[in-house]
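Student: Right, I'll just put the structure down here and ask away after.
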Amino acid sequence: MEIRAPLTGTVLRVVVSPGGRVRAGEPVAVLESMKMEIAVESAADGVVTEVRRQPGDLVQAGDVLVVLDAAGPGGV
Amino acid sequence: MFSRVLVANRGEIARRVIRACRALGIETVAVYSDADADAPHVREADRAVRVGPPPAVQSYLNMEAILQAARQTGCDAIHPGYGFLSERAEFARRCEAAGLVFIGPPAGVIAAMGDKVRARRLMHQAGVPVVPGSLDGLPEDPAAAADAAEAVGYPLMIKAAGGGGGIGMVRVAGPADLPAALEVAARRARQAFGNAALYVERLLDRPRHVEVQLLGDRHGRLVHLYERDCSVQRRHQKIIEESPSPALDEATRDALTAAAVRAGTAVGYQSAGTVEFLLDRDGRFYFLEMNTRIQVEHPVTEMRTGVDLVQLQIRLAAGEPLPLAQEDIRPRGHALECRICAEDPVTLYPAPGTVTAYREPSGPHVRVDSGVEAGTAVTPYYDSLLAKVVVWADDRPAAIARMIQALQAYRIEGVATNIPLHLRVLAHPEFAAGRHHTEFLAELAAARPPV
C-alpha cells in the first residue's frame, strides 16, 4: 500500500526505513508546509518496502512518500 | 528622515510598510525570493531586489543578501516587518555595523527579550508578575529537570528559552509524560531557534491572552496604546484579535497597562513593541513575553486609536520625539481583526495553491491588509496568512456584525481559507458573550461543525 502526502509541502523527516515495521496510526514521515509540521501516519500495519522521498524534497498533495507491504488480515 | 528604506519582508506586512513609507515621502526597496517574483509587494515598491531561492533561510532570512541589497540600492534604513529577521539581535547589530538604521529597538533590547528566561527574570525584578514557573532554565539532566518540573507543579507547559510565538511549546499533563515532552520540545527548539534550552511554566486554566501596545522614542518617552485581546487561538497562533478586551474591568485595565509601561521602561524600550500577558479566571494577569517588533494585529490598535503605528515606528527610528503624550491617546469604539489564512476547512491543514479570483470587502470602517490578488501563487514556503480583515464600530456587537458582513462579501477562489471557521466563531454565543479563552477554538474545532 502507498502512503501519500496529505498536502503540498517539504519533507522534513522520514522516520521509517526499508524493512522496518510500522503499525496503523504510527508516523512514517513529517512534512512541513506554511511553517506547520504535519505527521503523516500509516493507515495500516505492515513492512516498509520503499521510501520514495527524502528530507528536503518538495512534494505535492497525493505524492507517494512510502510504500508498505501491508500485513494480511489479523496482522503478523 | 530617511530617504530610502529596504523592506525585509513579504506579503501583507511588506505592502503595509511600503504604504507607510510612501505616506512619509520615503522611497522603498522590496526584496523577494524566486517564489515571490510576481508578488504584489515586489511591484508596489519603487525598486525590488532578488535575494535568493524560495526557502526562507536562503532568502528572507539571508542576512548577507539583504544587507547587500540595501547597500547596492543606497538605503539608509531597513524595516524588518514581523517574523523573519525582525527579532534577530544579530541582524540589528549587523545593520548598525553597515551604517543602516534597523527600524526597531536596539539590538541589546531584542536580545534581552528574545531570551525568554532572561526576560522572565527581568520582569520579575521590575515588579511585573510573571506566569508561575521556573525563573531559571530547565537543567539538562532528566532527573534534575523532573525535580524542577515537580516544583512548578502539573499540568505545565514546556517552552523554548530561545524564542516565543507559541513555537516549540509542549503541554505536559503529568510526570509520566515529561521525558517524551522534553525530547520533543528540545528538538523543536533547536530546529526553530538553534537553541535547545527550555523552561517551564504552570499551565493556567483556560486563560485569556491580553497584550498591551507600547511606543517608545529614543529620548526616553514611552506610552501605551491600550490592550488587544487575542484569546481566539489555534495551536497557540492568534486568529482573531480585538480591542478593548471584553474581559477587563477599568481597574484591571489600568493595572495591566501600568505593568506594561513598567516592563517597557525596565528594558529601556524604543520603537513599537508589545507586552503579552495571560489573564486568569480571577482577573490576575501574568507577563508572558515581549514582542520587540510591529505585530500582525497592530491594525486593531490603529483602528481604535487613530494612530498610524507603522508610520510612527519609522519616525521614531529616524530619531523624532514621540509626538503624543499618554493623555493624547484616546481609544474609541471597538475594533476587531480576523486573520485570513490558506487552510483546508475540513482537515485544517495548510492549503497552498493559486488564487484564481479575488475581491475584497469594503465599506465604512472596513480595512483589508492583504498580500495576495488574483493570480498570486500561495506557496508552502511561508506562513499561511493571506490577509487581515479589520473592522471598527461603536461597540462590540456592531463590530461583530460588521465583520460577519465583510467576511461574507470576501471572495477568494482557488485557495481554501479559514473564513468558514471565522464565521462559526463570530456567530458562537460564547464569543458573542466575550467569555471565550485560549482553549475555546480547540474545543470548537473538536466539536463537529453544524451540518
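Just so it is clear, none of the values below were taken in a lab; they were calculated from the coordinates. What you are looking at is a predicted structure, and each value in this text was computed from that prediction instead of being measured. Please note: Cβ atoms are built from the backbone with ideal geometry, for glycine as well, and neighbour counts cover all protein chains shown.
Student: Shape verdict for segment B:292-333, please, from the Cα gyration tensor: rounded (a/c under 1.5), prolate (a/b greater than b/c) or oblate.
Tutor: Values: a/c = 2.56, a/b = 1.21, b/c = 2.11.
Oblate, because a/c is 1.5 or more while a/b does not exceed b/c.
Student: Go through B:120-127, B:15-22 and give me the packing order, highest mean Cβ count within 10 Å leading.
Tutor: My ranking of the peptides, most packed first, is B:15-22, B:120-127.
Student: Another question, if that's okay. When B:290, B:303 are ordered from fewest to most other Cβ atoms inside 10 Å of their Cβ, what list results?
Tutor: The order, fewest Cβ neighbours first, is B:303, B:290.
Student: Calculate how many DSSP beta bridges within the protein assembly as shown are antiparallel, expressed in % of all such bridges and rounded to the nearest 5.
Tutor: 85
Student: Using the 10 angstrom Cβ neighbour count as an exposure proxy, how do B:6, B:324, B:426 rank, fewest first?
Tutor: In increasing order of surrounding Cβ atoms, one gets B:324, B:426, B:6.
Student: In addition: Across the residues of A:30-40, average count of Cβ atoms on other protein chains within 10 Å? It would help to have the intermediate numbers written out before the result.
Tutor: Values: counts 0, 3, 4, 9, 15, 12, 9, 2, 3, 0, 0.
Per residue, the number of nearby Cβ atoms from other chains is 5 on average.
Student: Taking the Cα of residue A:50, stepping 7 Å toward and past its beta carbon, and measuring to each backbone N in segment A:1-22: which are under 14 Å?
Tutor: Residues passing the 14 Å test: A:1-4, A:18-19.
Student: Hey, another quick one. Tally the DSSP beta bridges in segment B:146-271 and give the antiparallel ones as a percent, rounded to 5.
Tutor: In segment B:146-271, DSSP labels about 100 percent of beta bridges as antiparallel.
Student: Give me the dipole magnitude in Debye, nearest 20, for segment B:163-242 about the Cα centre, with unit charges on the beta carbon: positive for Lys and Arg, negative for Asp and Glu.
Tutor: Approximately 240 debye in magnitude.
Student: Could you tell me which residue out of B:83, B:182, A:6 lies farthest along the dipole of the protein assembly as shown toward its positive end? Charges go on the beta carbon: Lys and Arg +1, Asp and Glu -1, centred on the Cα centre.
Tutor: Projecting each Cα onto the dipole axis, the largest value belongs to B:83.
Student: Still on this model: Under the rule a/c < 1.5 gives rounded, and otherwise a/b versus b/c splits prolate from oblate, where does segment B:269-382 land using the Cα gyration tensor?
Tutor: prolate
Student: Let me ask you something else. What distance in nm lies between label points placed 7 Å from Cα along the C-beta direction at residue B:22 and residue B:324?
Tutor: Simple spin-label model gives 2.3 nm for this pair.
Student: Quantify how strongly other chains surround peptide B:340-349 by giving the mean number of their Cβ atoms within 10 Å of each of its Cβ atoms.
Tutor: Per residue, the number of nearby Cβ atoms from other chains is 2 on average.
Student: Follow-up question, since we're still on this one. About its Cα centre, what dipole magnitude does segment B:197-313 give when the only charges are +1 on Lys and Arg Cβ and -1 on Asp and Glu Cβ, stated in debye to the nearest 20? Write down the numbers at each step before the final one.
Tutor: Numbers: 15 positive and 18 negative charges, 57 e Å.
Dipole magnitude for segment B:197-313 comes out near 280 debye.
Student: Charges only on Cβ, +1 for Lys and Arg, -1 for Asp and Glu: so what's the dipole of segment B:342-451 about the Cα centre, in debye to the nearest 20? Before the final figure, lay out each step's value.
Tutor: Details: 9 positive and 12 negative charges, 50 e Å.
It comes to approximately 240 debye.
Student: Taking the convex hull of the Cα atoms, report for chain A its projected area averaged over all directions, in nm².
Tutor: 4.4
Student: Quick one: of the DSSP bridges fully inside chain B, what percent are antiparallel, nearest 5?
Tutor: Here the share of antiparallel DSSP bridges comes out near 80 percent.
Student: What's the average, rounded to a whole number, of partner chain beta-carbon atoms within 10 Å of each residue's beta-carbon in B:381-389? Write out the running numbers ahead of the final one.
Tutor: Values: counts 7, 2, 3, 4, 2, 0, 0, 0, 0.
Counting other chains' Cβ atoms within 10 Å and averaging over B:381-389 gives 2.
Student: Classify the protein assembly as shown as rounded, prolate or oblate, taking a ≥ b ≥ c as the square roots of the eigenvalues of its Cα gyration tensor: rounded when a/c is under 1.5, otherwise prolate if a/b is larger than b/c and oblate if not.
Tutor: rounded
Student: Related question: Mind checking the alpha-carbon convex hull of chain B and giving the volume per residue in Å³?
Tutor: Working: hull volume 62.3 nm³, N = 451.
Hull volume over Cα atoms, normalised by residue count, gives 138 Å³.
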